[in-house]
Each structure stands twice: as C-alpha cells, then as structure tokens.
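One structure is given below, encoded as structure tokens.
The values are calculated or read from the model by the stated rules, or taken from the named source; none is laboratory data. Owing to the predicted nature of the structure, the values given are computational and were not obtained by experimental measurement. No Cβ is skipped: glycine too gets one built from the backbone with ideal geometry, and neighbour counts run over all protein chains shown.
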Amino acid sequence: MTGLTAFLGVKEKGHVIPGANQTMVVSGAAGACGSLAGQIGHLLGCSHIVGICGTNEKCAILTSELGFDEALNYKEPGLEEKLRVCCPDGVDVYFDNVGGEISDIVISQMNKSSHVILCGQISQYNKDVPYPPPLNPRTESILKERNITRERFLVLNYTDQEGSALAQLSEWVKTGRLKVKETVVHGIENTAGAFLSMLRGGNLGKQIVQVTEQL
C-alpha cells in the first residue's frame, strides 16, 4: 500500500515532466511513503530531490543510500533558510506527509503552477479539525496567488492502476533502482511499542512487527 501510494501520488498529482528541471521536496522523507516517494520522483523525471526528516542519521541515509540529493533535519534551527539554499529555483512538487509548520515553510517557497501531493498530515492528526486540515491564511493566500494545486489524494481511488503500478514498482526493486527500508520488531507482544515508536519517528522506512519466523 505504501509503495502504491508513493508511486501513484507522484504520478497522478505531481505532474512531473521529464527534462523540465523540477525540484521536489518530501516531508516525512524517512518514513514508509516518503522514502519511496523521493526515489520515485527521481525515477519519473525530477532533477532535484530534497528530503525533510527528524534526525541527522536519517538525513545521511536519505542522501547516501536512497538517492536524495539533499536532506534537512527539521528539528535543527533555520529550516526555512536551509530549504531556500537547497532549492534556489523554488519548489515545483511537494510530497506532503506532515502538514503544519513544515508544510507552511515549503509552500511559501513553491513556484507558480506547482503541485502539492497531499498524502498525509501527521502533525495534525490529534487535533479536532476536518481532513484535510485548514491552512493558515497566509499559506492559503499563497496557494491561490500562485495557482498551486493541493488536492486530497486517496490511493484507493486508483485501483484500476494497481496492477501496472505494482509491476513497475517490482521491476524497480528487482533491478535495484528502488530501495525499500524496513524497521522490524519481533513478537506480537511488542506491537504497541512499535506503534508508539513509529509515532515518535523511531522507524526508518516501513515499521513492521514480525509475528512468526519465515517458512
């Protein structure tokens, strides 16, 4: 499901044009979806991929193993200025997993007629607000003034493409062009702890609980 979400999200909502020198930013970039979305952005034609995540270790893995051109730790000061340095020509595609302040910063640096792929809003999930959560007035104004698309994306609306998407993803994985990261915890009794760790950003890639040994 996460692979399909990343692939179809970029394909259907990113409007990536090979050779157009587009810059793509991914928030939650070390998670299950984000770590794939950045790689897929490159594979579909983006020329520059910037990931945003929560530790320097994750940033290093994004750039050294997963093909991201640059990665930023949002917990360190100066994210807005650092992103501007990484994206001197602005942002054309934003794969949004988190919402909130990070997304406000990214959207403020997006170009005219660019595209937000609204995958998740994890920073807003514990708030009593509708989905997708409302934006602050300044960010909403930027979207309108620059004609930036920001449409809700549901992978289950694209079941007719599931077969072809899985075939493409499988080919990329088998040929080593797409790398899949997993954080595995053993034992069903550790499910709650694994879930809480994921919510705190303790996972790299997909958080998995293995309940039995493989046969």
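Which is crowded, with 17+ Cβ neighbours inside 10 Å, at pLDDT 95 or above and out of contact with any strand residue (DSSP E or B) (no Cβ under 8 Å at 6 or more places or on another chain), of Lys11, Lys75, Lys58?
Within the list Lys11, Lys75, Lys58, the selection yields Lys11.
Is it fair to say Leu43 is in contact (Cβ under 8 Å) with a residue 24 or more places away in the chain, of a type outside the set (Val, Ile, Thr), in a helix (DSSP H, G or I) and touching a Cys at 6+ places or on another chain (Cβ under 8 Å)?
So Leu43 does not fit the description; no.
Which one of the conditions (1) under 15 Å from the mean Cα position of the chain (by Cα); (2) touching a residue at least 40 places away in the same chain (Cβ under 8 Å) does Cys87 fail to meet, given that it meets all the rest?
All conditions are met except number (1).
Just name the residue that is surrounded by the fewest Cβ atoms within 10 Å (Cβ to Cβ) out of those in segment 19-50 that are closer than 21 Å to Ser164 by Cβ, modelled with pLDDT of 95 or more and in contact with a Ser or Thr (Cβ under 9 Å, 6 or more places away or on another chain).
The residue in question is Cys46.
Taking segment 166-213 on its own, how many of its residues are assigned to a helix (DSSP H, G or I), in contact with a strand residue (DSSP E or B) (Cβ under 8 Å, 6 or more places away or on another chain) and not polar (S, T, N, Q)?
5
Out of all the residues in segment 195-209, is one or more among the aliphatic types (A, V, I, L, M), assigned by TED's automatic domain parsing to the domain that holds Ser27, at pLDDT below 95 and surrounded by 16 or more Cβ atoms within 10 Å (Cβ to Cβ)?
no
Restricting attention to segment 92-101, does a residue exist that is touching a strand residue (DSSP E or B) at 6+ places or on another chain (Cβ under 6 Å) and polar (S, T, N, Q)?
Yes - at least one qualifying residue is present in segment 92-101.
Are any of the residues in segment 62-72 closer than 23 Å to Val173 by Cα, of a type in the set (Asp, Glu) and in contact (Cβ under 8 Å) with a residue 24 or more places away in the chain?
Within segment 62-72, one or more residues are closer than 23 Å to Val173 by Cα, of a type in the set (Asp, Glu) and in contact (Cβ under 8 Å) with a residue 24 or more places away in the chain.
Test of understanding: among Pro88, Pro130, which residue is modelled with pLDDT of 95 or more and either hydrophobic (A, V, I, L, M, F, W, C) or assigned by TED's automatic domain parsing to the domain that holds Cys33 (or both)?
The conditions single out Pro88.
If we keep just the residues of segment 161-180 that are without any contact (Cβ under 8 Å) to a residue 40 or more places away in the chain and of a type outside the set (Gly, Ala, Ser), which is farthest from Ser64 (Cα to Cα)?
Per the criteria, the residue is Glu171.
Going by what's in this entry, would Ala6 be described as crowded, with 24+ Cβ neighbours inside 10 Å, part of a helix (DSSP H, G or I) and either at pLDDT below 95 or touching a Leu at 6+ places or on another chain (Cβ under 9 Å) (or both)?
Yes.
Just give me the residues in segment 80-111 being in contact with a helix residue (DSSP H, G or I) (Cβ under 7 Å, 6 or more places away or on another chain), surrounded by fewer than 23 Cβ atoms within 10 Å (Cβ to Cβ) and of a type in the set (Asp, Glu), in sequence order.
Answer for segment 80-111, where residues must be in contact with a helix residue (DSSP H, G or I) (Cβ under 7 Å, 6 or more places away or on another chain), surrounded by fewer than 23 Cβ atoms within 10 Å (Cβ to Cβ) and of a type in the set (Asp, Glu): Glu80, Asp104.
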